[in-house]
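Data block below; observations after.
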Amino acid sequence: MPDTTLKLEQVQAAMAAMMAKAMETPDAPIAMAIVDAAGNLEAYAKMDNLRMFSRRHALRKAYTAAIMGGDTGANAERMHSQGRSISEMGDSNLTHGQGGLVIMKDGVILGGIGVGGYPSGQADEDVSRVGLEAMNL
């Protein structure tokens with residue numbers, strides 16, 4: 001049976017890698033979050049002087065990736081192509097913002113990683129990907 005939980009070492013490795021990447025540009029503060037498959041918070045960190053919206057958005061991106069089972073940017077594109085909106089899902093914690101990645105191993109969803117704060121959703125996603133790669137799944 002495949003392991004379906006995130007391990008402490010994986011979460012710590014991801015957070016450390018994302019923080020190291022973020023500190024390359026300390027004047028561009030971000031927040032980062034990791035949730036389990038049910039969307040429950042596993043880890044959270046923020047840099048100084050970050051707006052409240054970005055703090056919350058990191059959590060929402062991680063949650064959305066885990067709950068929807070896919071990366072937030074790709075999910076938003078798919079819904080948009082169908083003429084639908086994320087708000088139709090009835091969960092105010094879901095977001096269409098790019099920067100959330102699903103954490104998956106052997107086809108099993110383990111959780112989600114989300115980053116918020118950069119002007120570009122692609123930059124948020126790039127830092128999330130650094131964390132995902134550090135998990136060595």
Members of the stretch 108-122 that are in contact (Cβ under 8 Å) with a residue 24 or more places away in the chain and surrounded by fewer than 23 Cβ atoms within 10 Å (Cβ to Cβ)
V108, I109, Y118, G121, Q122
Just for the stretch 87-107: of the residues that are buried (at least 18 other Cβ atoms within 10 Å of the Cβ) and of a type in the set (A, V, I, L, M, F, W, C), which one is nearest to A28 (Cα to Cα)?
L101
Taking E9, is it of a type in the set (D, E) and either closer than 17 Å to G111 by Cβ or in contact with a Lys or Arg (Cβ under 8 Å, 6 or more places away or on another chain) (or both)?
yes
Only one of (1) charged (D, E, K, R); (2) modelled with pLDDT of 95 or more; (3) surrounded by 17 or more Cβ atoms within 10 Å (Cβ to Cβ) does not apply to R55, and that is (2)
Quick check on my filter: what residues within the stretch 11-32 are in contact with an Asp or Glu (Cβ under 8 Å, 6 or more places away or on another chain) and either within 22 Å of A66 (Cα to Cα) or crowded, with 20+ Cβ neighbours inside 10 Å (or both)?
V11, A17, I30
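Rundown of residues vs (1) within 19 Å of G90 (Cα to Cα); (2) part of a loop (DSSP other than H, G, I, E, B); (3) among the polar types (S, T, N, Q), yes/no style:
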{"residue": "Q10", "(1), (2), (3)": "no, no, yes"}
{"residue": "M18", "(1), (2), (3)": "no, no, no"}
{"residue": "A28", "(1), (2), (3)": "no, yes, no"}
{"residue": "I34", "(1), (2), (3)": "no, no, no"}
{"residue": "F53", "(1), (2), (3)": "no, no, no"}
{"residue": "A58", "(1), (2), (3)": "no, no, no"}
{"residue": "A62", "(1), (2), (3)": "yes, no, no"}
{"residue": "A66", "(1), (2), (3)": "yes, no, no"}
Among the residues of the stretch 98-116, which ones are out of contact with any strand residue (DSSP E or B) (no Cβ under 8 Å at 6 or more places or on another chain) and either part of a strand (DSSP E or B) or of a type in the set (V, I, T) (or both)?
K105, V108
Regarding S92, is this residue assigned to a loop (DSSP other than H, G, I, E, B), at pLDDT below 90 and either of a type in the set (S, T, Y) or on the phi < 0 side of the Ramachandran plot (or both)?
yes
Looking at the stretch 34-42, is at least one residue without any contact (Cβ under 8 Å) to a residue 24 or more places away in the chain and either surrounded by fewer than 22 Cβ atoms within 10 Å (Cβ to Cβ) or more than 16 Å from the chain's Cα centre (by Cα) (or both)?
yes
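The values are calculated or read from the model by the stated rules, or taken from the named source; none is laboratory data. Given the structure is predicted, the values throughout are model-derived calculations rather than measurements. Quick reminder, even Gly has a Cβ in these numbers, built from the backbone with ideal geometry, and neighbours come from all protein chains shown.
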